[in-house]
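The values are calculated or read from the model by the stated rules, or taken from the named source; none is laboratory data. The structure presented is a predicted model; accordingly, all values stated were derived computationally and were not measured. Don't worry about glycine lacking a Cβ; one is built from the backbone with ideal geometry, like all the others, and counts go over all protein chains shown. Heads up: the accessible areas ignore ligands, DNA and RNA and are worked out on the full protein's heavy atoms, side chains in. Shrake-Rupley method; radii C 1.70, N 1.55, O 1.52, S 1.80 Å.
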Amino acid sequence: MQILDGKQTSLDIQQEIAQEVQVLVDEGKKKPHLAAILVGNNGASETYVGAKVKACERVGFDSTLLRFDESITEDELVAEVNKINNDTNIDGLIVQLPLPSHINEMTITETILPSKDVDGFHPQNIGKMALNLPTFLPATPAGIVELIKRYNIDTEGKHCVVVGRSHIVGSPMSILMARNSYPGNCTVTLTHSRTTNLKELCLTADILIVALGRAEFITADMVKDGACVIDVGISRVKSDKTKSGWKLKGDVNYDEVAPKCDFITPVPGGVGPMTIAMLLKNTLYAVKGFN
Ligand code: NDP
């Protein structure tokens, strides 16, 4: 069994990006600049945005964090996004989700200029991804693809089962694994809460990608021997063994599933750090293009 070390791989990628930034600077060009919008005081969102801003600093990007009160209206937020769209000094923009319920997330996503949409959530970029055209890939699926690539995991002709069909993880993941290129060429089954035979399907998976948000949902009796298991889930569960009183758990019961696998991602230290690395990579693409 080999652990797919997302933490180390993410650091490797960040080092590669830092070198590319240095080349830009040496050529007298500007550093990539990522702007992040955070609305309200959601603790998890604060943590995610904080980690993204810190990662920008590590690789030598400029970053701007714009905070708005929970009470900001949709029109006001659209105006703020448009300001960044028109700011030639800013290359990439992310709006941390979720937004307060009075703001339509799709309206905001569609307002972001596709060429600055480094989260890869704009319908235009999702469409390009589906057509296998060069574009920003959503960061979490892109991170999984990169991890599979860097560990040389064989995907051609394999059965890939994806659990969860969200717009940001499961659905794009299923598209990417079915593409006619590496890593891809899988036969893909996309499952969700209405799937009636989930256990049977999971048992046929050579590659099992799990993104449903329920701690330790996937148990050993759902996994085939020799599978590659990618755990996207992050849930906080109570723990009397940590100072904080809680612990991060994935969607996979790691202790019982890992011994059956050829490859598995841990939580934390698997997909999470890869997501940040790919956001940085997308911001670099916003500056340099996709070649
Ligand atoms: P969503 O809540 O948007 O989607 C969950 C999906 O799981 C839905 O499609 C839902 O089905 C499906 N689902 C729910 N229950 C079941 C079930 N019993 N059987 C099969 N499918 C089920 O979640 P996200 O995709 O946004 O996130 C999933 C997890 O990944 C979360 O823990 C999240 O925190 C984590 N995450 C981690 C990231 C990282 O960087 N590591 C990034 C993004 C997310 P239906 O559509 O029918 O409702």
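Tabulated results
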read-out: Solvent-accessible area, 1.4 Å probe, carbon plus sulfur percent, for region 52-118; value: 48
read-out: Qualifying GluC sites (Glu not before Pro) in region 135-216, DSSP loop, other Cβ atoms within 10 Å at most 16; value: E156
read-out: Region 119-179-region 192-217 distance, computed between alpha-carbon centres (Å); value: 17
read-out: Region 218-291-region 1-41 distance, computed between alpha-carbon centres (Å); value: 19
read-out: DSSP-defined antiparallel bridges as percent of all bridges, the chain, nearest 5; value: 10
read-out: Choice from M106, M173, M222 showing the highest fluctuation, given a GNM over the chain with Cα pairs closer than 10 Å; value: M106
read-out: Solvent-accessible area per residue for region 139-273 (1.4 angstrom probe, square angstrom); value: 47
read-out: Principal axes of the chain: Cα extent on each, largest first, Å; value: 52, 41, 37
read-out: Estimated [θ] at 222 nm from DSSP helical runs (n ≥ 4, -39500 (n - 2.57)) normalised by residues in the chain, nearest 500; value: -12000 deg cm²/dmol
read-out: Antiparallel bridge percentage (DSSP; both residues within region 139-273; nearest 5); value: 20
read-out: Accessible area per residue, Å², region 30-113 with all protein chains present, probe 1.4 Å; value: 49
read-out: Carbon/sulfur fraction of accessible area - region 149-233, other protein chains in place, 1.4 Å, %; value: 47
read-out: GNM result for the chain, Cα springs below 10 Å: residue of V118, V25, V188 fluctuating most strongly; value: V25
read-out: Most to least packed among 40-53, 246-259 [average Cβ atoms within 10 Å]; value: 246-259, 40-53
read-out: Relative contact order of region 30-113, pairs being alpha-carbon contacts under 8 Å that are 6 or more residues apart, as %; value: 42
